[in-house]
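Below you'll find the structure, written out as C-alpha cells, and then a few comments.
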Amino acid sequence: FLAYNIQGCVSTLRGPDYNSVEVVFHDVSARASRIPTLTDYFGFELGALGPKGTILASPEKGSGKPSVVMYRPFESWAVGSDWTCNFPSGEDVKAVTVGSSFAAAATQNFLRVYSLAGSPL
C-alpha cells in the first residue's frame, strides 16, 4: 500500500515496464468505489489519500531522474486538473500529505506546500 486511511487505500501493482496505481474507497455510498487506474511511469513509493484527491511521490533515481510528486483530484474541475512537480537534483521526497485545500511534500531540507491546483503556497 502507498496509503491507507479511513477514506480508503492507494495501492500499486508492479509490472515489467510500468506500475499501476489504484485508489479504492471504503464508503462506496459517498462516491464510486474506485477511480480510474493511473499508469505509473515514475515508480511511486509514497502516497496520501485526502478528501478531494490523492498525492503520490517517487524518490530520486540517480542522475536525470528527479524525485516527482503528482496530485490527482477525484473529480476533475478542468481538463488536466491533475499536476506533476519535478524536484531539484539532490532533493528527495521523504513524506507527502494532502488536505481539503493543500498538498504538501517534505524533503530532507524543505517542506513544499501547494494549492490543489498545483501553485506553490
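Protein heavy-atom accessible surface, 1.4 Å probe, per residue over the chain: 56 Å². Relative contact order, whole percent, for region 29-121 stands at 22, derived from Cα pairs under 8 Å and 6 or more residues apart. Dipole size of region 1-95 about its Cα centre, with +1 on Lys/Arg Cβ and -1 on Asp/Glu Cβ: approximately 100 debye, rounded to the nearest 20. When its C-alpha radius of gyration is set against 2.2 N^0.38 Å (N residues), region 67-121 gives a value of 1.12. Per the Debye calculation on region 1-48 with a single equal scatterer at every Cα and no solvent contribution, log₁₀ I(q)/I(0) for q = 0.32 Å⁻¹ amounts to -1.19. Couplings for region 62-71, taken from phi via the Karplus curve 6.51 cos²θ - 1.76 cosθ + 1.60 with θ = phi - 60°, read x, 4, x, 10, x, 5, 10, 10, 10, 10 Hz in order; Gly and Pro are left as x.
Cross-link partners for Lys94 among the lysines, with Cα-Cα distance under 17 Å and sequence neighbours closer than 8 places in the same chain left out: Lys61, Lys65.
Ordered by solvent-accessible area of protein heavy atoms (1.4 Å probe), largest first, the residues Thr39, Thr12, Thr54 come out as Thr39, Thr12, Thr54. A probe of 1.4 angstrom, applied to the heavy atoms of all protein chains, finds Glu22 with accessible area near 40 square angstrom. The alpha carbon convex hull volume per residue for the chain rounds to 107 Å³. A simple charge model with +1 on the Cβ of Lys and Arg, -1 on the Cβ of Asp and Glu and nothing else charged puts the dipole of region 1-48 at about 140 debye relative to its Cα centre.
The values are calculated or read from the model by the stated rules, or taken from the named source; none is laboratory data. Just so you know, these numbers come straight off a predicted model, no measurement behind them. Note that we place each Cβ from the backbone using ideal geometry, even for glycine, and neighbour counts take in every protein chain shown. Side chains included, ligands, DNA and RNA excluded: accessible areas come from the protein's heavy atoms. Shrake-Rupley method; radii C 1.70, N 1.55, O 1.52, S 1.80 Å.
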